[in-house]
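Engineer: Let me begin by handing over the structure; questions about it come next.
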């Protein structure tokens, strides 16, 4: 297996695709990635993800496949499962979900019938599309009801209202987790309410799986949660995939829901890469990395707060921030995102709680620190980044000023290589 030789063949035989890959490498190296759901994986993960396992069909589970020739696929999937269980202190793990959306869909379909009620976080307050957005298929199949935060109380979840809704609607699943909520969660309170109404507890930890693995954020499974899901490509630094962890008594339901219920053959090259990433996360140095992600996020937040920039929840407990750019700079999130693109800082537009603006022109942006931390950036770099963001958004119409900031951003980025490039 010669990765460099394969690239050379690609360059010769499909120069257009090769040029796009090269362009993306240069973009990532020159700029600062602050989208909280993005990260840079390890070179070893690249090697596994581009390996010979991509050739193999492996429908079923280790020891119970539908095709022959499974000696090594069984070995690598078993390794990934055992590492996942050890890392998250889980009784059972399924490493076959192809991504974050299918992993959540598999859980819903394992325990709910069409029309059943699932209680999840309101999307504008931090929930994810798979938590019941009307535009998603899951939103059409199941009856999603919502709980909210209290923005004026630093984003505290309104558990009084959550309990009232749970008692009134009797959900099959109470779901916690988020895509744009900068605080930690009170898992004990979720569990208490779920037990009262007879609901399963599910935690979607797609964003903070790596922070849980690193021991710097709480693990829902330690609080008796029935199911936990996480993607493997965000703070875990693995390939793009999903992971379901659950109590042993739900193992068969989960496994049957993933395959044959929702998916066909698993992507064995990705499962090999998951095994590599989980092995990396089990190393002592991963804890230091996870801690630095939090330190960097808090440093970024403090500079913004010191400059009277409006942050949703007034700070952060995790790896992300949500900034109200309308209130802070009189720019909607799309305008702010495009402005920061001009200085080689990548963020994403983001709705805020009960946003009066539409999703394509929301009131804020979302920022996160995993990718910058992976490159070795620390507190001093976070302070510079925050200052550049403030300066750029204040002077968004000044192309000369933006060009100057861009040159400073790219000069700093040259000191911090992207892993695997």
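Engineer: Would you confirm, using the coordinates I've provided, whether residue 97 is surrounded by 23 or more Cβ atoms within 10 Å (Cβ to Cβ) and assigned by TED's automatic domain parsing to the domain that holds residue 207? Steps first, answer last, please.
Structural biologist: On the way: surrounded by 23 or more Cβ atoms within 10 Å (Cβ to Cβ): yes; assigned by TED's automatic domain parsing to the domain that holds residue 207: yes.
So residue 97 passes the test.
Engineer: Moving to a separate point now. Being in contact with a helix residue (DSSP H, G or I) (Cβ under 6 Å, 6 or more places away or on another chain) and surrounded by fewer than 24 Cβ atoms within 10 Å (Cβ to Cβ): is that true of residue 82 here?
Structural biologist: Working: in contact with a helix residue (DSSP H, G or I) (Cβ under 6 Å, 6 or more places away or on another chain): no; surrounded by fewer than 24 Cβ atoms within 10 Å (Cβ to Cβ): yes.
No: the conditions fail for residue 82.
Engineer: Where the second residue is assigned to a helix (DSSP H, G or I) and at pLDDT 95 or above and the first is farther than 13 Å from residue 106 by Cβ and lies in region 252-268, which pairs have Cβ atoms under 6 Å and are six or more apart or on separate chains?
Structural biologist: As it stands, the answer is 268/53; 268/73, since those pairs meet every condition given.
Engineer: Continuing with the same structure: How many residues are touching a residue at least 24 places away in the same chain (Cβ under 8 Å), farther than 11 Å from residue 35 by Cβ and in contact with a strand residue (DSSP E or B) (Cβ under 9 Å, 6 or more places away or on another chain) when one looks only at region 358-373?
Structural biologist: Our first condition is that a residue be touching a residue at least 24 places away in the same chain (Cβ under 8 Å); within region 358-373, this holds for 360-373.
Subsequent filtering for residues that are farther than 11 Å from residue 35 by Cβ retains 360-364, 373.
Restricting the remaining residues to those that are in contact with a strand residue (DSSP E or B) (Cβ under 9 Å, 6 or more places away or on another chain) gives 360-364.
Residues in region 358-373 being touching a residue at least 24 places away in the same chain (Cβ under 8 Å), farther than 11 Å from residue 35 by Cβ and in contact with a strand residue (DSSP E or B) (Cβ under 9 Å, 6 or more places away or on another chain): 5 in total.
Engineer: Residue 145 fails exactly one of the following numbered conditions: (1) over 29 Å from residue 275 (Cα atoms); (2) touching a helix residue (DSSP H, G or I) at 6+ places or on another chain (Cβ under 8 Å); (3) assigned to a helix (DSSP H, G or I). What is the number of that condition?
Structural biologist: Condition (3) is where residue 145 drops out.
Engineer: Need the failing condition index for residue 175 against (1) in contact (Cβ under 8 Å) with a residue 40 or more places away in the chain; (2) in contact with a helix residue (DSSP H, G or I) (Cβ under 8 Å, 6 or more places away or on another chain); (3) assigned to a helix (DSSP H, G or I), just the number.
Structural biologist: The single condition residue 175 does not satisfy is (3).
Matching residues to (1) surrounded by 18 or more Cβ atoms within 10 Å (Cβ to Cβ); (2) at positive phi:
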| site | (1), (2) |
| --- | --- |
| 24 | no, no |
| 27 | no, no |
| 30 | no, no |
| 41 | yes, no |
| 52 | no, no |
| 63 | no, yes |
| 66 | no, no |
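Engineer: Scan region 151-168 residue by residue and report those that are surrounded by 15 or more Cβ atoms within 10 Å (Cβ to Cβ) and either modelled with pLDDT of 95 or more or not in a helix (DSSP H, G or I) (or both).
Structural biologist: Looking only at region 151-168, we keep the residues that are surrounded by 15 or more Cβ atoms within 10 Å (Cβ to Cβ), and these are 151, 154-155, 157-159, 162-163, 165-166.
Selection gives 154, 155, 157, 158, 159, 162, 163, 165, 166.
Engineer: Evaluate region 269-291: report whether one residue or more is within 30 Å of residue 109 (Cβ to Cβ), in contact (Cβ under 8 Å) with a residue 24 or more places away in the chain and touching a strand residue (DSSP E or B) at 6+ places or on another chain (Cβ under 9 Å). Steps first, please.
Structural biologist: Of the residues in region 269-291, the ones within 30 Å of residue 109 (Cβ to Cβ) are 269-278, 281.
Within this subset, residues satisfying the condition of being in contact (Cβ under 8 Å) with a residue 24 or more places away in the chain are 269-278, 281.
Those left that are additionally touching a strand residue (DSSP E or B) at 6+ places or on another chain (Cβ under 9 Å): 274, 278.
Scanning region 269-291, I find at least one residue that is within 30 Å of residue 109 (Cβ to Cβ), in contact (Cβ under 8 Å) with a residue 24 or more places away in the chain and touching a strand residue (DSSP E or B) at 6+ places or on another chain (Cβ under 9 Å), so the answer is yes.
Engineer: For region 222-265, what are the residues that are under 25 Å from residue 293 (Cα atoms), in contact with a helix residue (DSSP H, G or I) (Cβ under 6 Å, 6 or more places away or on another chain) and surrounded by fewer than 22 Cβ atoms within 10 Å (Cβ to Cβ)?
Structural biologist: 223 - this is the single residue of region 222-265 that is under 25 Å from residue 293 (Cα atoms), in contact with a helix residue (DSSP H, G or I) (Cβ under 6 Å, 6 or more places away or on another chain) and surrounded by fewer than 22 Cβ atoms within 10 Å (Cβ to Cβ).
Engineer: Within the set of pairs 6+ apart or on separate chains, which have a first residue in region 128-151 that is on the phi < 0 side of the Ramachandran plot, a second that is surrounded by fewer than 18 Cβ atoms within 10 Å (Cβ to Cβ) and in a helix (DSSP H, G or I), and C-beta atoms under 6 Å apart?
Structural biologist: Taking only residues 6 or more apart or on different chains, the pairs are 133/139; 136/129; 145/169.
Engineer: All but one of (1) assigned to a loop (DSSP other than H, G, I, E, B); (2) touching a residue at least 60 places away in the same chain (Cβ under 8 Å) hold for residue 339; which doesn't?
Structural biologist: Unmet condition: (1).
The values are calculated or read from the model by the stated rules, or taken from the named source; none is laboratory data. As the structure is a prediction and not an experimental result, all values here were calculated from the model. Note: ideal-geometry Cβ built from the backbone for every residue, glycine included; neighbour counts use all protein chains shown.
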